[in-house]
Amino acid sequence: MSAMLLGLPLVSFVTFLPLAGAIFLVFLRGGSVRAVRTTALAVSVLTFVLSLVLLFAYDGASGLPELVERSSWLGGGIDYHVGVDGISLFLVLLAAFLTPLALLSSWRAVDDRVKEFSFFMLLLETGVIGVFVSMNLFLFYVFWEAMLIPMYFLIGIWGGRRRIYATTKFVLFTMFGSLLMLAAIFVLQAAYFRGAGSYSLTIADLAAVPVSPALQTWLFLAFGLAFAIKIPLFPLHTWLPDAHVEAPTAGSVLLAAILLKMGAYGFLRLGLPLFPAAAASFAPALSILAVIGVIYGGLMALVQKDMKSLVAYSSVSHMGLIMLAVFSLNFEATEGAIYQMLNHGLSTGALFLCVGILYERTHTRLIADYGGAAARMPVFAGLFLVAMLSSAGLPGLNGFVGELLCFFGVFAANKTLAVLSISTVVLSAAYLLWLYRRVMHGPLKDPADLRLRDLDGRELACLVPLVVLMLFMGLFPGTFLRKMDSSVARYIESLRSGAPVVTALDRPGGPGVEAAALAEPER
Amino acid sequence: MGFPPPIPPSVLALAPLLALVAGALLALLLEAFLKRKDGELPAFVAVLALLASAFFTVVSWNVGTSGAYLHGRLLVDNLALWVTGVLVLAGIAVILMSLKYAARQDMNLGQLCGLLLMAVAGAMIMASSSDGLVVFLGLEVLSVASYALSGLKRQDRASSEAAAKYFLMGSFAGAFFVFGLALVFGTSGSLDLISGLSPAASASAFPAAGAVGFGLILTALFFKIAVAPFHMWAPDVYEGAPTPVTVFLTVVPKAAGLAVLFRVLLPLLRDGTAAAVFLPALSAAAVLTMFAGNLAALRQKSVKRMLSYSSIAHAGYLLVAVVAGNAPSLVFYLLVYLFMNGGAFAVLIAMSGRGFEHTSLDDFAGLGRRHPWLAASLSVFLLSLAGFPPTAGFLAKFYVFGAAVREGHVVLAVAAVLASLIAVAYYLKVIVVMYMHDAAAEAAFDRDNPALFLVIFLGLLGVLQLGVWPGNVLNLIRGAFSAF
């Protein structure tokens, strides 16, 4: 398979096809809204098909990046250098999978400036996929920043009442972090030059020659801040509820499902491998922040009156668990974190779609305005339930596998934090099921209100693929984990060899980490 | 060598300058003797003169005329040639922008062209000399022409006020320069700024007088570049001047002043004791300029005034390249700055009509719906000014700030980066108004202006090409400055 594709720059195709589609849209006559929508959808579906080819072309036995393309670009260590490995592959797929669904979901919800909307959606897709496939730090930063522009417009033009406040806050928060990261990139570049005698911003090169521990601390703080804002880690999360509540449904879906993952991915790809010593010494503090996020997000979700902000706070909580797993620095936790990133993308994406479907019918997101919707919308009720249970981690669905792996790894690293973080299971079951009971069950709020009709074909096409994938990922996790195994093992090994020995003993769960490291990945 | 015919290097070195002066005189003569005062003939002459100047610059580059001419008074080196290139491009852009604008705002196009060519010639002289008197000559030619240019909209009080202010403040700056030069000459016995300011010279009998002279010369140059705290005149002048002239004022004097500054300071950078004194001062000025420009821009209600303050902030970023002593990033930033700043002002000009200009933020409300292409162009220019990838503005900042960090100025780079964050807020404010507010009323718009649209298109091309695929330009610049 891969031999057949050897000549084709597959990764570049997947990355830039949406961009090409977006440029094509500009020159399409704006009058025909239907043609614009169909073109955008077709481009994103084609991108997804190509990304599936990527999945089959990726072998994953060595754990090294595959399908690598590299050509010189600006000189001075800045190359066009892309590829995928077990950590990034599925995130690319997630982005390619969700964009068509998000476009489909806004078929009717967005009827103003459809051309611009589709343009920015496709631009966003190129941006996020680019972040995941970049193997050069400069390229990574370019995509990381460029992706802000389409999201800024998506929230600012098609958002809710306080959209301008929300989108400005989103951009300024993110920019603050990423500009400090830019300064750190300069320092890193100069430090690498002093060490190696030549310029390179290739991520693998930079990881191979770690900078001095004192410098690592500063650089890790700068990179970490950018990623922590994006995730968002407590207490940097305040932009998230605003952005989510004000964003249009499609924007919320992509924001929650993909953009938040970029922060966690940043830690996995850059924060930890480039600065292993600093990462190990900051891991306990960051783990505690992550646990606070888990509990705080869960408690905040319990008291929300707006469905969208409830899902937004549930994201804070779930991302907290993912970060806790990332900072546990062992194999199970890391693989669990990646799997849970995919799960969170699917389940939160589905939940935002469900909220969007309800909102399109009644134009309110307040939980108190609903009741007994299941009677009018039985099919929707079923799909909503599956999405919810996936988010709550019910066995048999994808969320369970991810959470279990995370808990295994976290437990090996630190028992106290593990016990505290398990509260997420209770909390998420509580706020989600309570939400479900209030919205879907009970007597109909207003029996005369006939707006609550069941799903039509388009909405089914949005939700059914997500639900099917949730079941599949819950029942056959090995299909996915197998492709990640060697990359994650390689990643853990690189962290261990790069970090000084003392740090593992300093940490609260020191011996546990060692035990987990000895346990070979099985499956 | 068949083409170009062998021209003596000394003639070739002067040719770009001579072409401009000849063009300027011809344009002024045509203006005086032509019957039709609203014709565009002077503009054609001026563009031809600028193109000729550009041609000679390129030939000079290819032939390799590097060296000192006219008894060492005129230096032709790669820095001078590159800055000359930027100046000539700026001149062409300004003339193309003013073709229709001049007629609609009752400005005399012939005078504008003549004065503009003289000003560019003055800037060119500044950029290609290290001799104090020659630099002063260039400075005065540039300044006197600039004063007149700012006041060309004679019916407009703001324009006259701008000219008066600029003249008054500029005269002081010129006096500072001469006085400083006298002190430097008195202590070192040399009119050449590089040798006059060298540590050996300042160790003479009157080191204090030499230092004061150096300070005064720096002050005058800071004034020209509009570096804080000598920038107070700039917003009023930039806002009051006719918009194409504003483009000129925000690019040409800055480029010329920075070239002089860079040329004079570079030898001192290599010297430990001198650098220990003036590098902190220069860094402080850079930080002050970035923050003063950006913080003031945040509060503006007029887009023209906001862009004026933004141009002050960009002088601060450019100063970072001087502190880093890095010529390639300085030149690249200047080139990119010309495209993005000129492009943004060009869109502003497109928002004008006979006798009026829409510069208030409210006039831009709903522009994204009414004129999608214009709004999209302005958005690209603003995003580039804000430093978003994949536009050229990002790459320019990347190289400048990266050079500063490589030279060990990490704190300066972090300050610059934080200043850029403030800038994002006000650039985005314009985009918010264009796309996310509804139009209050249909603001008039200048559709029939092909020259202006050519400028906007070339600006877009420059901003995107230099951002995504700048390979050739970067290679040229890298090749040019390996000596630095």
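Quick note: the coordinates plus some simple rules give every number you see, no bench work behind them. This is a predicted model, so every value here is computed, not measured. Heads up, the Cβs are rebuilt from the backbone with ideal geometry, glycines too, and the neighbour counts pull from every protein chain shown.
Just a few scattered comments:
- Whole-angstrom gap from segment A:400-462 to segment A:63-129, using each part's C-alpha centre: 28 Å
- Computed per residue of chain B from DSSP H runs no shorter than four, each worth -39500 (n - 2.57), the mean residue ellipticity at 222 nm is -26000 deg cm²/dmol.
- Normalised by the number of residues in chain A, the average gap of Cα pairs under 8 Å and 6 or more apart makes the relative contact order 16 percent.
- Mean separation of Cα pairs under 8 Å and 6 or more residues apart, divided by the residue count, gives chain B a relative contact order of 14 percent.
- Neighbouring Cβ atoms from other chains, within 10 Å of the Cβ of residues in A:189-196, number 2 on average.
- Segment B:154-200 and segment A:239-274: distance between their alpha carbon centers, rounded to Å: 53 Å
- Between the Cα long axis of helix A:331-362 and the first principal axis of chain A there is an angle of about 20°, rounded to the nearest 10.
- Rounded to the nearest 500, the 222 nm mean residue ellipticity of chain A from helices alone is -23500 deg cm²/dmol, with -39,500 (n - 2.57) taken per DSSP H run of at least 4 residues.
- C-alpha center-to-center spacing [segment B:312-358, segment B:1-80] in angstrom: 24 Å
- Counted by neighbouring Cβ atoms within 10 Å, the residues A:K305, B:K304 run from fewest to most as A:K305, B:K304.
- Candidates A:L358, A:G76, A:N414 compared by Cα position along the dipole of chain A: farthest toward the positive end lies A:L358, with charges placed on Cβ.
- Principal semi-axes in Å for segment B:146-199 [√(5λ), Cα gyration tensor, largest first]: 36, 9, 6
- Cα-based shape type of segment A:381-448, given that a ≥ b ≥ c are square roots of the gyration tensor eigenvalues and the cut on a/c is 1.5: oblate
- For the protein assembly as shown, the calculated P(r) over all alpha carbon pairs, in 10 Å bins from 0 to the bin holding the longest distance, is 2, 11, 19, 21, 18, 13, 9, 5, 1, 0 percent.
- Rounded to the nearest 20, the Cβ-based charge dipole of chain B about its Cα centre (Lys and Arg +1, Asp and Glu -1) stands at 320 debye.
- Each of A:C406, B:C113 was scored by other Cβ atoms within 10 Å of its Cβ. Arranged with the fewest first, they read A:C406, B:C113.
- Listed by Cβ neighbour count within 10 Å, with the fewest neighbours leading, B:F185, A:F327 appear as B:F185, A:F327.
- Nitroxide proxy distance, nm - points 7 Å out along Cα→Cβ at A:V464 and B:A22: 7.8 nm
- Tensor-based shape of segment A:381-420 (alpha-carbon gyration tensor, a/c under 1.5 rounded, otherwise prolate or oblate): prolate
- Evaluating 6.51 cos²θ - 1.76 cosθ + 1.60 at θ = phi - 60° for every residue in segment B:454-469, the Karplus couplings come out as 4, 4, 4, 4, 5, x, 4, 4, x, 5, 7, 5, 5, x, 9, 9 Hz, glycine and proline recorded as x.
- Each residue of segment B:92-103 was assigned a 3J(HN,Hα) from its phi angle through the Karplus curve 6.51 cos²θ - 1.76 cosθ + 1.60 (θ = phi - 60°); the sequence is 4, 4, 5, 5, 4, 5, 8, 3, 7, 4, 4, 5 Hz, with glycine and proline shown as x.
- Inverse of mean 1/r across different Cα pairs in segment A:10-518, Kirkwood, Å: 22.8 Å
- About the Cα centre, charge dipole magnitude for the protein assembly as shown (Lys/Arg +1, Asp/Glu -1 at Cβ), debye: 1380 debye
- Student exercise, segment A:10-518 dipole from Lys, Arg, Asp, Glu Cβ charges, in Debye to nearest 20: 1040 debye
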